[in-house]
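> I'd like to ask you about the structure that follows.
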Amino acid sequence: MAVTQISLPSLDRIASGKVRDLFTLPDPDTLLFVASDRLSAFDVVMKNGISNKGAILTLTSAHWFRVLAERVPGLRTHFISLDVPPGVVTPDEAAALRNRSMQVRRLQVLKVEAIVRGYLTGSAWKEYQAKGTVHGLAMPAGMQLSQKFPEAIYTPSTKADLGAHDENIHPDDAWKEIGDKETARKVHELSLKIYNAAAAYAEERGIIIADTKFEFAKDAEGNIYLVDEVLTPDSSRFWPKDSYELGKEADSFDKQFIRNWLIREGLKGKEGVEVPQDICAATEEKYKDVFFRLTGKKFEDAAAS
């Protein structure tokens, strides 16, 4: 059964997003980051969710935080622990939080979606077909659908409030969202470093990361941290390497499966959509499949450990 509402009477909720809720903890420098099973696509939250989705996203993110800390020298992240803080919630609340919550550092989130693209697909493909550009950046002529870029490219978007839509922006304009050019430059460079490290790790395991979205925050000293979810099926396009074909829409282990269903049914961007259970179940299996390929563990085993 999908958990679409998170109820924690013992804690104060300070924010609620499309998928996650954020709660205060007794330590003022720490927050509890909780992933529900809510399902969003095209900036709209569906009426129903995907069973186990919040736990899969949380355990996937925790795995990546550990991997990236080893592969990206000097990387700071907001991740502290998967442990539920003892003594601050009831036993029932602790059981509900298992595998779907992270203790994280309290930081100032930067108002930009740091998108990195390694392959030409999605909205980038549509823009390229129309203008020969991606986020306003000139691309080589004659590229095909699903083609790998000569180098990964940074293509940020605005970070819209709940209910609004993100807007693609030129990388040179990201500083206007972030607040200063030096921080924007660091986010740009760090996004590419993280993507390249993650793409190499995933490819070793038979997965292509076609594109992904990162979020960043800074502390009082101006240090930049990788935050939110990281390299999950909700925030990334994951393709199986063994069936990849240039010029064709790739199979995916991610939310694109839901997006394709919404487009096919004429429901893109519509409110109040209930996704059929067979589509929900198939999506859950895709998420579990890529979790296994990336971590080497079955989701059920990881969740029980």
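> Only one of these is touching a strand residue (DSSP E or B) at 6+ places or on another chain (Cβ under 9 Å) and either surrounded by fewer than 21 Cβ atoms within 10 Å (Cβ to Cβ) or among the acidic types (Asp, Glu) (or both): Leu39, Leu75. Name it.
Being touching a strand residue (DSSP E or B) at 6+ places or on another chain (Cβ under 9 Å) and either surrounded by fewer than 21 Cβ atoms within 10 Å (Cβ to Cβ) or among the acidic types (Asp, Glu) (or both) holds for just one of Leu39, Leu75, which is Leu75.
> Test of understanding: among Gly296, Gly247, which residue is open to solvent by 10 Å² or more (accessible area, probe 1.4 Å), under 30 Å from Arg98 (Cα atoms) and more than 15 Å from the chain's Cα centre (by Cα)?
Gly296
> For the range 22-49, which residues satisfy the criterion of being in contact (Cβ under 8 Å) with a residue 60 or more places away in the chain, outside any loop (DSSP other than H, G, I, E, B), of a type outside the set (S, T, N, Q) and within 17 Å of Thr77 (Cβ to Cβ)?
Those that are in contact (Cβ under 8 Å) with a residue 60 or more places away in the chain, outside any loop (DSSP other than H, G, I, E, B), of a type outside the set (S, T, N, Q) and within 17 Å of Thr77 (Cβ to Cβ): Leu31, Leu32, Phe33, Ala35.
> Follow-up question, since we're still on this one. Is it the case that some residue within the range 150-157 is among the polar types (S, T, N, Q), without any contact (Cβ under 8 Å) to a residue 60 or more places away in the chain, buried (at least 18 other Cβ atoms within 10 Å of the Cβ) and in a strand (DSSP E or B)?
Yes; the residues of the range 150-157 include at least one that is among the polar types (S, T, N, Q), without any contact (Cβ under 8 Å) to a residue 60 or more places away in the chain, buried (at least 18 other Cβ atoms within 10 Å of the Cβ) and in a strand (DSSP E or B).
> Just to be sure I understand the filter: pairs with C-beta atoms under 7 Å, separated by 6 or more residues or on different chains, first member in the range 277-305 and in contact (Cβ under 8 Å) with a residue 40 or more places away in the chain and part of a helix (DSSP H, G or I), second member open to solvent by less than 60 Å² (accessible area, probe 1.4 Å) and among the small types (Gly, Ala, Ser). Which pairs pass?
That search, which allows pairs on different chains as well, returns Glu284/Ser51; Arg293/Gly206; Leu294/Ala202; Thr295/Ala302; Ala303/Ala55.
> Going residue by residue through the range 181-203, is there one that turns out to be open to solvent by 10 Å² or more (accessible area, probe 1.4 Å) and in a loop (DSSP other than H, G, I, E, B)?
For the range 181-203, residues open to solvent by 10 Å² or more (accessible area, probe 1.4 Å) and in a loop (DSSP other than H, G, I, E, B): absent.
> Something else about it: Under the condition of being outside any helix (DSSP H, G or I), in contact (Cβ under 8 Å) with a residue 40 or more places away in the chain and farther than 27 Å from Ala198 by Cα, which residue from the range 85-110 is most open to solvent (accessible area, probe 1.4 Å)?
Among those residues, the one meeting the criterion is Thr90.
The values are calculated or read from the model by the stated rules, or taken from the named source; none is laboratory data. Only a predicted model underlies this, so the values are computations on that prediction, with no experimental measurement involved. Because the Cβ atoms are built from the backbone with ideal geometry, glycine has one as well, and the counts that use them run over all protein chains shown. Ligands, DNA and RNA are excluded from the accessible area calculation, which covers all protein heavy atoms including side chains. Shrake-Rupley method; radii C 1.70, N 1.55, O 1.52, S 1.80 Å.
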